[in-house]
Structure formats: structure tokens, C-alpha cells
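> Mind having a look at this structure? Questions to follow.
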Amino acid sequence: MQVLTTELPGVLIIEPDRFGDARGFFSESWNRRRMAGHGVEIDFVQDNHSMSVEPGTLRGLHFQTPPHAQAKLVRCGRGAFMDVVADIRHGSPTYGRWIGVDLSFENGRQLLVPEGFLHGFVTQQPDTEIIYKCSDYYSPDCDAAVRYDDPDLAIDWGLDGPPILSDKDAAAPRMRDLPTYFTWEG
């Protein structure tokens with residue numbers, strides 16, 4: 001299992017090994033002991049599975065506020081999408097910066113999203129499935145979002161036209177209008 005750092009400290013790209021033969025492949029997608037060796041000590045308590053029918057479906061930018069903030073481990077079960085993470089930890093040297101990582105069934109990559117980061121994705125193929133682990137349970141009272149097209153973030157989603165959005169995501173506030181939910185502990 002390869003663990004790659006990114007320009008956002010704590011956000012990791014994980015590349016599990018695949019062992020294949022004529023039948024297909026086997027891959028270990030999570031191993032607490034191996035990840036602890038890379039400094040990742042997260043207790044995942046919930047698995048989620050999302051499917052988006054059309055390419056250009058954009059979900060996000062989502063996060064949960066304390067006391068139910070979530071870290072996530074995201075992977076692709078079928079299809080392909082660009083996964084986006086943005087730092088919203090006030091005082092962080094990377095506050096407001098984002099990265100996008102292509103996750104697909106073919107490349108098998110996963111993205112570890114720590115607490116204090118926005119998370120969203122845009123699908124690139126039909127019938128794309130997103131599978132992710134969460135470190136806390138879903139809490140409607142702590143559910144929050146930021147606009148996908150916030151000019152302060154200026155995320156390049158790689159879209160040729162307007163995205164397919166939920167009403168909730170279309171009405172999300174800008175990052176600058178959020179209270180301070182997370183502070184960098186540097």
C-alpha cells in the first residue's frame with residue numbers, strides 16, 4: 001500500500017496494491033495497523049455508498065461541524081470522479097487552498113480527508129459509485145456545506161457545462177460567510 005502526501009498536510013492519497021489473475025483482483029482497501037504506521041489513527045464508524053447516474057453530477061462541498069466533525073476515506077466503486085478537498089481550518093497556512101484528485105475504479109486510488117476540510121466531487125462517467133468511510137456518524141444538526149463555485153476557492157471542476165446539483169448544494173453559502181468551526185492546531 002502506497003501512502004502519498006499532498007500539498008494539504010493531512011490529506012493523503014492511498015494506493016492499495018491489487019493482486020490479480022484471470023479471475024480479477026484482490027485489494028485491501030483499509031488496514032488500521034498499516035495506516036497507524038503512517039501516522040493515521042482514525043476509527044471509522046460508518047460506511048456510505050453513493051451513486052450518480054450522469055457525468056457532471058457535483059456533490060459538495062460538504063462537511064460536518066464539531067462536535068460531530070468527520071474524517072473520510074473516499075474511493076470509487078465504479079466509474080470515475082474528481083474528488084476535491086479544501087482547507088477551512090482558520091489560521092492554517094493552507095487555509096482556502098484546494099486539491100483535486102482523480103479517483104476511478106481503474107486506478108484504485110483513495111483519498112483521506114481529515115476533519116476541518118471541505119469535501120466534494122464531480123462525476124466523470126455514467127453510473128459512478130462513491131464509497132467512503134466516516135469517523136463519526138451522520139448528524140443532521142452538524143451537516144454543512146459551501147458553494148461549489150465560491151470565487152474565494154476558485155475550484156476548477158473541469159466541467160464543460162453547468163453541473164447537476166441538489167437544491168441544497170445550489171443554495172450553500174460562501175466560505176467567507178461560515179463561522180469559525182475549525183482552527184489550525186499547527
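> Set the Förster radius R0 to 41 Å, insert the Cβ-Cβ distance between Arg33 and Asp143 as r into 1/(1 + (r/R0)^6), and round the FRET efficiency to 0.05. All intermediate terms of the calculation are to be shown ahead of the outcome.
Details: r = 32 Å, r/R0 = 0.78.
With R0 = 41 Å, the Cβ-Cβ based efficiency is 0.80.
> Here's another thing I want to ask about it. Of all the C-alpha pairs in segment 1-42, what % are more than 12 Å from each other? List each step's numbers first, then the result.
Numbers: 555 of 861 pairs.
Tail of P(r) above 12 Å: 64 percent of Cα pairs.
> Length gain on complete extension for the stretch Tyr95 to Gln125, per 0.36 nm per residue less the alpha carbon to alpha carbon distance? Write out the running numbers ahead of the final one.
Details: separation 30, 0.36 × 30 = 10.80 nm, distance 3.06 nm.
Result for the pair: 7.7 nm of gain on full extension.
> Additional query: May I ask you to give the average projected area over all directions of the convex hull of the Cα atoms of segment 111-173, in nm² rounded to one decimal?
Working: hull surface 22.5 nm².
Its Cα hull, projected and averaged over all orientations, spans 5.6 nm².
> How fast does segment 1-119 diffuse by Stokes-Einstein, in µm²/s, taking the Kirkwood radius from C-alpha pairs at 25 °C and 0.890 mPa s?
Working: Rh = 15.4 Å.
D, rounded to a whole number, is 159 µm²/s.
> How large is the charge dipole for segment 7-143, taken about the Cα centre, if only the Cβ atoms of Lys, Arg (+1) and Asp, Glu (-1) carry charge, to the nearest 20 debye?
Values: 13 positive and 19 negative charges, 44 e Å.
Rounded to the nearest 20 debye, it is 220 debye.
> Hey, another quick one. Give me the percent relative contact order of the chain, please, defined on Cα pairs under 8 angstrom at least 6 residues apart. Write down the numbers at each step before the final one.
Working: 409 pairs, mean separation 53.4, N = 186.
Relative contact order here is 29 percent.
> Starting from segment 117-186, pick out the trypsin sites (Lys or Arg not before Pro) whose DSSP state is loop and whose Cβ has at most 14 other Cβ atoms within 10 Å. Can you show the working numbers first?
Working: sites: Lys133, Arg147, Lys168, Arg174, Arg176; in loops: Arg147, Arg174.
Of the trypsin sites (Lys or Arg not before Pro), the ones in loops of segment 117-186 whose Cβ has at most 14 other Cβ atoms within 10 Å are Arg174.
> Stretched out fully, how many nm does the piece from Phe105 to Glu54 gain, at 0.36 nm a residue minus the Cα gap? Walk me through the numbers on the way to the answer.
Numbers: separation 51, 0.36 × 51 = 18.36 nm, distance 1.63 nm.
Answer, rounded to one decimal: 16.7 nm.
> Give the carbon-plus-sulfur fraction of the accessible surface of segment 132-186 in %, rounded to a whole number; probe 1.4 Å, heavy atoms of protein chains only. Provide the component values of the computation, followed by the final result.
Details: 1650 of 3470 Å².
The nonpolar share, carbon plus sulfur, comes to 48 percent.
> Under 12 Å from a point 7 Å along the Cα-to-Cβ line of Leu159: which residues of segment 93-124 have their amide N that close?
The answer is 121-123, whose backbone nitrogens lie closer than 12 Å to the label point.
> Given H placed on each backbone N at 1.01 Å, which residues far from Thr128 in sequence or on other chains put an amide H within less than 5 Å of it?
Residues meeting the criterion, in which the H sits 1.01 Å from N, are Ser52.
The values are calculated or read from the model by the stated rules, or taken from the named source; none is laboratory data. Computed from a prediction, not measured in an experiment: that's the story for all the values here. Cβ: placed from backbone, ideal geometry, glycine included. Neighbour counts: every protein chain shown. Ligands, DNA and RNA are excluded from the accessible area calculation, which covers all protein heavy atoms including side chains. Shrake-Rupley method; radii C 1.70, N 1.55, O 1.52, S 1.80 Å.
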